[in-house]
Amino acid sequence: MSVRSLRKLLVAVLFLHFSFNVFAATIWLSPEDNLQQKLDASVDGDIVKLSAGRYLGNFIINRQLTLSGEDGAIIDANGQGNALLLKNSNITVENLIIENWGHNLTDENSGIYSTTKAENIEIKNNKLTGDGFGIWLHKIKHAKVINNTVQGNVNIRSADRGNGIQISSIENAHILANEMSGVRDGIYVIASKNNIIEGNTMHHLRYGIHYMYSYDNSVINNTAYSTRAGYALMSSRRLIIKGNKTSDSEDYGFLLNFITESTFENNDIKNVWTKPENKVLGRDGKGLFVYNSGYNTIKNNRVDTAEIGIHLTAGSENIKIYGNSFINNPVQVKYVSNKKQEWSFEGQGNYWSNYLGWDMNGDNIGDVIFEPNDGIDQLIWRYPEMKMIMDSPVVLILRWIQKEFPVLKPPGVKDSFPLMQPSAVPKRASHIASLLQASDGQSEVHANKASQP
């Protein structure tokens, strides 16, 4: 490119930037104004400010602008369609109450909806209440969804509710410090990469975070409670799953299904127990359920009071499992495979609350190898009706024979370096508040909630 052509290009860029700033304005509206008409008449760069009151309708944002509300500014979608439809890049939606959008999940009715290929979408400090999806983003690069609350309708059957935040085909998004409750799944991620899901709180729903077909994502310092599964991570690879917490789940703390090349560390799992009224044969609360997932590292996690601490099955091999604490779980390990697995790494195993070995040299490593299961356990897994004879003399004799004659023992899990002390509750990062401040979306309530240990 010649010097002359370069100068022309520079002048054109400066002109566009100058024009963008000259014509942009801050536009104040009240409920008596025609909001859609004002949105259509705006220019790129405008800030549309809504004063307190109720704005009825389904609104479309075609321009690159900021839509912001004062305290008490409400977008009411009249029970149908999408409350806000975003159809451009560089859009910010902030400080609004959005409610009463449609409930048709086939039509993807949402509080905030964007399926136009776009960049730089920011949604922050909004409160959404409705039947369908809360926030739905598709085909967007560089999105921020920060400090929003999404409340679903608990009077609707769980399967008929929308998800709190749904992102699909998204790259480089930051989903930070949001709270979802009463929806189907808190955060649903599909076919997306290079995203960070951080410091969110999900409760009283099906799955806290649900992943499908997504790569190179980070799930960090989130909290889920009162769910069927705290985290359901499926058909994805190269995930970093770190510092998350789940409690009071009914089926799974974490479900890892077809997860590969991922790191699962410093997560805290507590109270995973199927309710008595929902009990059926084979349905047990599992702290960690690992299905057909290989080449992963599971380290420094804490599983406390689950019906089954960790259940591995269907080819879940080539996994490093060490530094974890399995505490007060009636069944510590359920392992269904024909291959032996060593659950220690470089001389460090795991802590087992039912380990009866000793530590003569005081190095915090048990002197006796720990094997959590035997052949009787495997028979019971295959034939659950055998539970009724668990304490019979015949079963006790079989256990003794298997112990005395190890050659009869089937393949299973072995921890050669069991730890004598459990790890502390995993520490969680406390930088969420500073991230909120940096995004200009401060909320002391959410900041404190997201950074709680």
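Some notes on this structure:
- Boolean, Leu408 is modelled with pLDDT under 55 and among the hydrophobic types (A, V, I, L, M, F, W, C): yes
- For the stretch 98-110, filtered to residues that are among the hydrophobic types (A, V, I, L, M, F, W, C) and either in contact with a Ser or Thr (Cβ under 8 Å, 6 or more places away or on another chain) or free of Cβ contacts under 8 Å to residues at least 12 places away in the same chain (or both), the residue that is surrounded by the most Cβ atoms within 10 Å (Cβ to Cβ) is Trp101.
- Meets criteria (free of Cβ contacts under 8 Å to residues at least 24 places away in the same chain and more than 12 Å from the chain's Cα centre (by Cα)) for Lys279: yes
- Criterion violated by Tyr113 - all others in (1) touching a His at 6+ places or on another chain (Cβ under 9 Å); (2) open to solvent by 30 Å² or more (accessible area, probe 1.4 Å); (3) part of a strand (DSSP E or B) satisfied: (2)
- Residue list for the stretch 183-205, restricted to those being surrounded by fewer than 21 Cβ atoms within 10 Å (Cβ to Cβ) and either among the small types (Gly, Ala, Ser) or part of a strand (DSSP E or B) (or both): Ile190, Ala191, Lys193, Ile196, His203, His204
Residues checked against (1) farther than 25 Å from Gly79 by Cα; (2) charged (D, E, K, R); (3) in contact (Cβ under 8 Å) with a residue 40 or more places away in the chain:
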{"site": "Lys117", "(1), (2), (3)": "yes, yes, no"}
{"site": "Asn120", "(1), (2), (3)": "yes, no, no"}
{"site": "Lys124", "(1), (2), (3)": "no, yes, yes"}
{"site": "His142", "(1), (2), (3)": "yes, no, no"}
{"site": "Gly164", "(1), (2), (3)": "no, no, yes"}
{"site": "His174", "(1), (2), (3)": "yes, no, no"}
{"site": "Ala177", "(1), (2), (3)": "yes, no, yes"}
{"site": "Met180", "(1), (2), (3)": "no, no, yes"}
{"site": "Leu205", "(1), (2), (3)": "no, no, yes"}
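- Taking the conditions (1) within 30 Å of the chain's Cα centre (by Cα); (2) over 20 Å from Gln151 (Cα atoms); (3) surrounded by fewer than 23 Cβ atoms within 10 Å (Cβ to Cβ) in turn, Ile121 satisfies each one other than (3).
The values are calculated or read from the model by the stated rules, or taken from the named source; none is laboratory data. Predicted, not measured: the structure shown is a model, and the values here were computed from it. Glycine gets a Cβ as well: all are built from the backbone with ideal geometry, and neighbour counts include every protein chain shown. Ligands, DNA and RNA are stripped out before the accessible areas are found, and what is left, the full protein with its side chains, is counted by its heavy atoms. Shrake-Rupley method; radii C 1.70, N 1.55, O 1.52, S 1.80 Å.
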